[in-house]
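The values are calculated or read from the model by the stated rules, or taken from the named source; none is laboratory data. What you are looking at is a predicted structure, and each value in this text was computed from that prediction instead of being measured. Cβ placement follows ideal geometry from the backbone for every residue including glycine, while neighbour counts extend to all protein chains displayed. Just the protein is used for accessible areas: all its heavy atoms, side chains included, with ligands, DNA and RNA removed. Shrake-Rupley method; radii C 1.70, N 1.55, O 1.52, S 1.80 Å.
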Amino acid sequence: TEDASGLRAPHFVAYVKEQLIGKFGSKLVEGGGLRVTTTLDWKLQEKAQEIVAEEVKKAKGLKVSNGAAVVLDPKTGEILAMVGSKDYSATDAAGLKFNVVTQGLRQPGSAIKPITYAAAFKKGYTAATMLLDVDTKYPSGDPAKPEYNPKNYDGKFRGPIQLRYGLGNSINTIAVKISALVGVRDILRVAYDMGITSLEPTDENVGRIGLSLTLGGGEVRLLDLTSAFGVFATGGFRQEPVSILKVEDAKGKVLLEHKVPAARRVLSSDIAYLTSHILSDNEARREVFGPKSYLVIGGKTVAVKTGTTDDKRDNWTVGYTPSMVVGAWVGNNDNSPMHPSLASGVTGAAPIWNRIIREALKDKPEEPFARPDNIIEMDIDAYGGGLP
């Protein structure tokens, strides 16, 4: 559809059209006369477009020229809003017609870490498992390649730390350590099962990405990453993203009607709950993000993770409740780095995410994550990792 101001939801419309052509062929689609009912929530879409444009403009001084966002209903997979770039018709940068949500393969930085930890919980590690945040070198297995020596973003080492705080404060050394314990292939398998198609557990991916996987060494699409977080939101169930609910021809004959398929369980409920519990625990991230960050949504239980690549080319925030998941990205289409002072969770994608999820949740009641029966909560000694 088009209104006086030009195109409405252009990236979403183009995405829908591409899917229609895939299903019905271009002759029927281009011929016109099809009546298509989509999943888009127009009010939310309008707001999301405004928010992305405003926040990218504010971040111009940080060498940010583009942003993108997507909102999904994790229970059905329905795409409620999709903003593929800051402005479809802008002329200041090449390629704004490019839809970052569905087409951009970018490095997720630490935003992939929750999947690493989910793979660890699957193997019996818990939120209270203690590891040492110390300078650690990993042999490459190839004499020609240097050892892998991950650093924390602030250059500090914190000594003994529980996985809860390792994930909450996004400590790199702990994420790499747990990856080495769990194994890269098993993490890739969990990521792939959760819907990240670019992280298939092939020999090629295992060899190419290696331990840097957990710090975002493998490229992902914003739609896939957001949809994968939807698995945590639903307590372990996967729904493929969907944009088309119904298609009728010119005579009103129904050519396609979407029925919500039975969700596929890809994570057990306890693993999903543990991950969500950590990601919604403001205390668990306080040391790095402070008590009042863009990651806190007052009066609502919201789980969220940020990510920034080391070279500052990509900055992400993805977060969710049991019935809403929002992913946001900022960066530059030409892959040039942003300003070094871009801080994960303070600038960039986090303000976009914060404003969109507030908008999406404003008329919804508070919705805590349902705790499965096999989860036990108790006090743990912060340094010993055992009972006090």
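Using θ = phi - 60° and the Karplus relation 6.51 cos²θ - 1.76 cosθ + 1.60, list the HN-Hα couplings for the range 260-265 in order, rounded to whole Hz, with x at every Gly or Pro.
Rounded to whole hertz, the list is 5, x, 4, 5, 9, 6.
Could you work out which residue, out of SER268, SER110, SER89, moves most in a Gaussian network model of the chain, that is, has the largest mean-square fluctuation with Cα springs under 10 Å?
With Cα springs under 10 Å in the chain, the top fluctuation among SER268, SER110, SER89 is at SER89.
From the backbone phi of the range 210-219, what are the Karplus-calculated ³J(HN,Hα) couplings (6.51 cos²θ - 1.76 cosθ + 1.60, θ = phi - 60°) in whole Hz, Gly and Pro given as x?
For the range 210-219, the Karplus curve yields x, 5, 6, 3, 6, 9, x, x, x, 6 Hz.
Amide H neighbours of LYS63 under 5 Å, counting only residues 5+ apart in sequence or on other chains, H built in-plane at 1.01 Å?
HN-HN under 5 Å from LYS63: HIS339.
By accessible area of protein heavy atoms, probe 1.4 Å, what ranking do LEU96, LEU211 get, highest first?
The residues order as LEU211, LEU96, largest area first.
Taking the Cα atoms only, what angle lies between the long axis of helix 349-361 and the longest principal axis of the chain, rounded to 10 degrees?
That works out to roughly 60 degrees.
As a test of reading the structure, rank PHE157, PHE24, PHE229 by solvent-accessible area (1.4 Å probe, protein chains only), most first.
PHE157, PHE24, PHE229
Using the alpha-carbon atoms, what tilt in degrees (0 to 90, nearest 10) does helix 184-193 show relative to the longest principal axis of the chain?
That helix lies at roughly 30 degrees to the long axis.
How much of the accessible area of the chain, in percent, comes from carbon and sulfur atoms when a 1.4 Å probe is used?
Values: 9160 of 17440 Å².
It is 53 percent, rounded to a whole number.
Given an 8 Å cut-off on Cα distances and at least 6 residues of separation, report the relative contact order of the chain as a percent.
22 percent.
In whole Hz, with x marking every Gly and Pro, tabulate ³J(HN,Hα) for the range 25-41 from phi via Karplus 6.51 cos²θ - 1.76 cosθ + 1.60, θ = phi - 60°.
My calculation for the range 25-41 gives x, 6, 4, 5, 5, 5, x, x, x, 6, 10, 10, 9, 10, 8, 5, 9 Hz in order.
Among LYS63/LYS300; LYS156/LYS364; LYS86/LYS113; LYS17/LYS122; LYS58/LYS292; LYS86/LYS292, which pairs are too far apart, with a Cα-Cα distance over 30 Å?
Cα-Cα > 30 Å for LYS63/LYS300; LYS156/LYS364; LYS17/LYS122; rest within.
Kindly express, to the nearest 10 degrees and within the range 0 to 90, the angle between helix 222-233's C-alpha long axis and the longest C-alpha principal axis of the chain.
60
Need one value: the accessible area of HIS258 in square angstrom, 1.4 angstrom probe, rounded to the nearest 10.
60
With a 10 Å radius around each residue's Cβ, average the other Cβ atoms per peptide and rank 148-154, 72-78, 164-170, highest first.
164-170, 72-78, 148-154
Could you point to the label whose value was computed as semi-axes √(5λ) of the Cα gyration tensor in Å for the structure here, given [x] 39, 23, 22; [y] 36, 33, 18; [z] 35, 23, 21?
So the calculated entry is the one marked [z].
What number results when the radius of gyration of the range 194-284, computed over Cα atoms, is divided by 2.2 N^0.38 Å? Kindly include the intermediate steps, with their values, before the conclusion.
Numbers: Rg = 17.7 Å, N = 91, 2.2 N^0.38 = 12.2 Å.
That ratio works out to 1.45.
Based on alpha-carbon centroids, what's the gap between the range 248-320 and the range 44-68 in Å, whole number please?
One Cα centre to the other: 20 Å.
Provide the packing ranking of 45-52, 182-189, 377-384, 220-227, i.e. peptides ordered by the mean count of other C-beta atoms within 10 Å per residue, highest first.
For the peptides 45-52, 182-189, 377-384, 220-227, the packing ranking is 220-227, 45-52, 182-189, 377-384.
Order the following by accessible area, largest value first: LEU28, LEU34. Probe radius 1.4 Å; ligands, DNA and RNA are ignored.
LEU28, LEU34
Round to a whole angstrom and tell me the spacing of the C-alpha centers of the range 177-215 and the range 339-369.
27
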